[in-house]
Amino acid sequence: MERKQDRNRRLADYIYNDMNPEEVVEMEREISHDPELSVSIELNMQVKDYLQAKIQLEEMKADPQLENAEKLAEMAFENASPKEMDKPVRRPGRKLIRNIAFASAVAAGITIIIAIALFPSNLDQDQLFASYYTPFEASDYSQRGVSNEIYRDVAVGINYYVAGNYNQTIDQFSQLASEPTLESEVQFFTALSYLGLGEYRSAQGILQSIDGANRYQAETLWYLSLCCLKTGEFEEANMLLGQLEAYDGKYKKDAQALRKKLRRFTP
Amino acid sequence: MEKSSDQHIIDSIRKRDDVAFKYLQVTFQDSIRLMVTEMGGSQEDAKDVFSEGLIALIRLVDREDFELTCKLGTLVYALCKKTWKQHLEKQVAVNNYHVRKLESSPEWDFTEEVDLQLYQEIFWESFKQLEKVCQEILEGYLKEISPKEIAEKLGYSYGYIRKRKSMCHGFLMKMIQDHPTFRKIKQSELALDLE
């Protein structure tokens, strides 16, 4: 009983970010090893995320300054006459577009998840994989602060990947394999290219060998979990997705949703 | 959110600083999504509304006569609400098309969206049934106010607030999980899983 109370207390501390980093690591280790706890966290997070948005929305609706905000909104749309709308707005950089695209992707992901849920009895791992797999959005990674020959070669490889030329990507990165500073990058893009070619076992093997400490940690976990899904190693996929709880953003949300779907395949 | 930080974000938007847009996305996207779905839109509509709302915000802050006279969050809300209303007006004009589109998409079903709405109603109803002090503590945490500040505001110690928060959250989750509609949906999900 006492143990259960302690666990519930820690669960609430975790949900509300009321833990120190060591406690967070310990909790996440427990989550990755305990499917029941993982399911519980998922519901708790869902409640928390909803309430957070709802409370903020209710505050916006009840804000005494709402009238001012509405006047400003009128102003924004007055300005946007059809002619004005055709005038180009100086748009934010590619990164913002990526952010909006990212937001769109999350929303699209949710729609896909909803669509998948409509026919749970017909689901299989291939459909699930197809719903979640999209090639890595790598275009921004081809730009480096330092311009030298090696980075130009990396950029060429990444541009091949972005264009979907996976065999050329593999060739290009194989030429960079001897560069120690690029080891994880070479492995990462090579693995993703095999994934793009449908060679899941090869992709899985390479992703598993990537050293944890690199700039693509969350991406490595995500694509590795998709490989495991495709190869039928559902428990391994579930564990990897659990590790993505530690990363904020797209992967965390997608991982939570995918874990929920994975329960259909695990005992 | 403090006014001064709102002004800082506005200045950053003018400079097209990506950090500002990331902030807007992280801070307001979920509540705007909720606004759209509460007003009958889909998740897909919500995505479009938020993107268009941000474009309207950029257009607005670029105006020389623009002056922020409200909270930034409230402005984002007003812009997105206006965007959604315009979208609805346009939708009326193409209503027949949508009807045809739905008819030709037999795979589409609203079951999951309905379930999500029911869940959300249960979450909110349960939250409103909590004791006032529980609501205040959880609300403080949900607004990401530091536990120390929550404790000071409510006149308790930090230790008490931390413990009480866990209890309140526990009550909330129990209320949700004991809710007859929640149980019913869960049972139907389980039945689907077993098929």
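In plain terms, the residue of A:181, B:27, B:74 with the fewest other Cβ atoms within 10 Å comes first and the most crowded comes last, giving A:181, B:27, B:74.
Which log10 I(q)/I(0) values, to two decimals, does the stretch B:129-195 give at q = 0.11 Å⁻¹ under the Debye formula with one point per Cα? Evaluating at q = 0.11 Å⁻¹ gives log10 I(q)/I(0) of -0.38. Can you compute the FRET efficiency between residue B:87 and residue B:5 using 1/(1 + (r/R0)^6), with r the Cβ-Cβ distance and R0 = 41 Å? Round to the nearest 0.05. Computed FRET efficiency for residue B:87 and residue B:5: 0.85.
Quick check on the exposure proxy: order B:179, B:8 from fewest to most C-beta atoms within 10 angstrom.
Details: B:179 19, B:8 15.
Least crowded to most crowded, the residues run B:8, B:179.
Measuring from centroid to centroid over Cα atoms, what is the spacing of the stretch B:1-47 and the stretch A:150-185 in Å? Their Cα centres are 36 Å away from one another.
When A:25, B:36 are arranged by Cβ crowding within 10 Å, least crowded first, meaning fewest neighbours, the order is A:25, B:36. For the stretch A:8-31 versus the stretch B:145-195, the inter-centroid distance based on Cα atoms is 15 Å.
Within 10 Å of the Cβ of each residue in B:126-136, the mean number of Cβ atoms contributed by other protein chains is 1.
Phi-derived couplings, Karplus 6.51 cos²θ - 1.76 cosθ + 1.60 at θ = phi - 60°, listed residue by residue for the stretch B:76-91: 4, 4, 5, 5, 5, 5, 4, 4, 5, 5, 5, 4, 5, 4, 5, 5 Hz, with x used for Gly and Pro.
Each residue of the stretch B:49-54 was assigned a 3J(HN,Hα) from its phi angle through the Karplus expression (A = 6.51, B = -1.76, C = 1.60, θ = phi - 60°), giving 4, 5, 4, 5, x, 5 Hz with x at Gly and Pro. Once the Cβ-Cβ distance between residue A:214 and residue A:34 is put in as r, and R0 is 30 Å, what FRET efficiency do you end up with, to the nearest 0.05? Given R0 = 30 Å and the Cβ-Cβ separation, E is 0.60.
No value in this document is a laboratory result; all are computed from the given coordinates. Only a predicted model underlies this, so the values are computations on that prediction, with no experimental measurement involved. Here the Cβ is made from the backbone with ideal geometry for all residues, glycine too, and neighbour counts use every protein chain on show.
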